[in-house]
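Trainee: First, the structure itself, so that you have it in front of you.
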Amino acid sequence: MSSAFRTVRGMKDLYDLDIIKYNYLIERSIKVAMQHGYKIMETPILEYTEVFQRSIGDETDVVSKEMYTFLDRGDESVTLRPEGTAGIIRAIVTNNITQSLPIKLMYYGPMFRYDRPQKGRYRQFHQIGFENIGDKTPHVDALTILLASDILYAVGIFEFKMAINTLGDEESKSSYTKAVVKYFSRHEQKLSEDSKRRLKTNPLRILDSKEAEDIEVCSMAPIMGDYLNKESEAYFSKVCQILEEHGVPYEVDNFLVRGLDYYTHTAFEIKTSAKNVGSVGGGGRYDNLVKMFGGPDVSGVGFAFGAERVMSLINDNAVLQKTTRFAVVSVSDSENDIAFKIMRTLHNCSILCEFIASGNIGKKMKIADRLGCDIVFIIGEREKKDKTITVKFMRITDEKDKSTTINMEEVTRFAKFHEEKTVT
């Protein structure tokens, strides 16, 4: 097949069970988020490149290696969004929503990163994100982590743990950065080439490295907890206390810094023990991001799920709950109009029903079976004359119970009754 007609590497079509799981995850996430007071915001997939360079940081892997960036026809540098927070912050400043803070916003949709494709990681992937902007207390940080837990519970995922850390305030972060530079400078020859570069530009990024040589050096690096001032230490301690009081399983990861530059204070990652999945999402607090975009000096906290990773953990049976599926077929073309009207009558009552028009009656029944229909309403010349419907139960094997006849005016009541009843 020509490369023009294949899926682009790292891109994936969502179909059948995948799209069912995606919609299930979105619907459950929206329901829980609205219980927490969130509103939905949708931002463009395409932003000016500076939106991400400014917020995420030039020395992050996302900006330096992974963004889909190009010049448009007006010679403006634009980028397919690699994450959702920067666009949300840009949007609330652009639309003057900063006058209505605090505000809680939810978003979902495709993101793009030129990364090495692997199981659970694609170049076009989907995120579901949540931002709580304009309110800074440990309770809000803890509540954000509780929201993540509530959503995972809502989709039937119970085996996970929150890895959390604090990056402290600017004073604490500055003290820690100096200590990290001093330590890594002594071990510079052991670092990867990327980390040697980061040592001069953004040393905390070394702690986020996945290179084996860096991981070994990082294992003995200074930890943030030793460089927190009293205010930052008390802030983080309160977050942990609230999580403990509300039964959220967590562990402190002293080297968790996340992959983006804008985090301060609380950072967290949602980890599972599932093979080839690992982290399903994460986030943290950002103190300076709104101000960076020209807004007021307010703080925010947020997180995002990688939808594909969460979907891989959702039990198939949770999204395939049995709903009786109906079909209407005609024996010949002369009964098509009546069959079509019956189908529309059922649609108007919100009943899932197929109208199968092509082929002889044998082929139509095979199509109904392939579509997973449980009950087929058959209209032939006799039924048309008598104003009746022959009902075929597709999942019943006993011939004496396999079919029955009803009056046409009874079809809605009959379908409603069997819609709520498993047909076996």
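Trainee: Could you work out which residue, out of E193, E383, E216, moves most in a Gaussian network model of the chain, that is, has the largest mean-square fluctuation with Cα springs under 10 Å?
Mentor: Evaluated over the chain, the most mobile residue of the options is E383.
Trainee: Given H placed on each backbone N at 1.01 Å, which residues far from Y68 in sequence or on other chains put an amide H within less than 5 Å of it?
Mentor: Hits under the 5 Å cutoff: L80, Y114.
Trainee: Please list 3J(HN,Hα) in residue order for the range 105-111, calculated via the Karplus relation 6.51 cos²θ - 1.76 cosθ + 1.60 where θ = phi - 60°; whole Hz, with x for glycine and proline.
Mentor: Once θ is set to phi - 60°, the couplings for the range 105-111 become 10, 10, 9, 7, x, x, 10 Hz.
Trainee: Is there a pair in K65/K173; K65/K238; K238/K275 whose C-alpha atoms are over 27 Å apart, and which pairs would that be?
Mentor: The answer is K65/K238; K238/K275.
Trainee: A follow-up question, please. Per DSSP H run of at least 4 residues, take -39500 (n - 2.57); add these up for the chain, divide by its residues and hand me the 222 nm value, nearest 500 deg cm²/dmol.
Mentor: -10500 deg cm²/dmol
Trainee: With springs only between Cα atoms under 10 Å apart, run a GNM on the chain and tell me which of S232, S273, S332 wobbles the most.
Mentor: S332
Trainee: Now for a different question. Amide H of T388: which non-local residues (sequence gap of 5 or more, or other chain) have their own amide H closer than 5 Å, using H built in the peptide plane?
Mentor: Amide H neighbours of T388, under 5 Å, 5+ apart: M408.
Trainee: Could you list H246, H187 in order of exposure, starting from the residue whose Cβ has the fewest other Cβ atoms within 10 Å?
Mentor: Arranged by neighbour count, lowest to highest, H246, H187 become H246, H187.
Trainee: Extending each Cα 7 Å along its Cβ direction at T201 and N276, get the distance between those two points in nm, one decimal.
Mentor: Going by the 7 Å Cα→Cβ label model, 3.3 nm.
Trainee: For the chain, what mean projected area does the convex hull of the alpha carbons give, in nm²?
Mentor: For the chain, averaging the hull's shadow over all directions gives 27.7 nm².
Trainee: Also: About its Cα centre, what dipole magnitude does the chain give when the only charges are +1 on Lys and Arg Cβ and -1 on Asp and Glu Cβ, stated in debye to the nearest 20?
Mentor: My answer is approximately 1080 debye.
Trainee: If the reach is capped at under 18 angstrom between alpha carbons, list the aspartates and glutamates near K104, excluding any in the same chain fewer than eight residues apart.
Mentor: E27, E42, E83, E131, D135, D141, D150, D287, D297
Trainee: Then there's this: Tell me which aspartates and glutamates have Cα within less than 18 Å of K366's Cα, excluding those fewer than 8 residues away on the same chain?
Mentor: D333, E354, D374, E399
Trainee: Could you tell me the largest-minus-smallest coordinate of the C-alpha atoms of the range 322-419 on each of the three principal axes, in descending order and whole angstroms?
Mentor: The Cα atoms of the range 322-419 stretch 33, 27, 24 Å along their principal axes.
Trainee: Okay, next question. I need the phi-derived Karplus couplings for the range 166-174: 6.51 cos²θ - 1.76 cosθ + 1.60, θ = phi - 60°, integer Hz, Gly and Pro marked x.
Mentor: Coupling constants for the range 166-174: 10, 9, x, 7, 4, 5, 5, 5, 5 Hz.
Trainee: Setting aside same-chain residues fewer than 8 positions from K178, which lysines have a Cα under 23 Å from its Cα?
Mentor: Within the straight-line limit of under 23 Å, K178 reaches these lysines: K190, K196, K200, K210, K230.
Trainee: For the chain, modelled as a GNM with alpha-carbon contacts under 10 angstrom, which of L371, L105, L199 fluctuates the most?
Mentor: L371
Trainee: If one computes the Cα centroid of the range 364-424 and of the range 288-322, what distance in Å separates the two points?
Mentor: 44
Trainee: Pick out, from I375, N96, S279, the residue whose Cα sits farthest towards the positive end of the charge dipole of the chain, with +1 on the Cβ of Lys and Arg and -1 on the Cβ of Asp and Glu.
Mentor: I375
Trainee: Next up: What number, in percent, do you get for the relative contact order of the chain if the mean sequence gap of Cα pairs under 8 Å and at least 6 apart is divided by its residue count?
Mentor: Dividing the mean separation by the residue count of the chain yields 15 percent.
Trainee: May I pose another question? Among DSSP bridges having both ends in the range 322-419, what percentage is antiparallel? Round to the nearest 5.
Mentor: Bridges in the range 322-419 are about 50 percent antiparallel.
Read the figures in this text as sums done on the coordinates, not as results from a lab. Since the structure is predicted, the reported quantities are computational estimates derived from the model, not experimental observations. We place every Cβ from the backbone using ideal geometry, glycine too, and count neighbours over all the protein chains shown.
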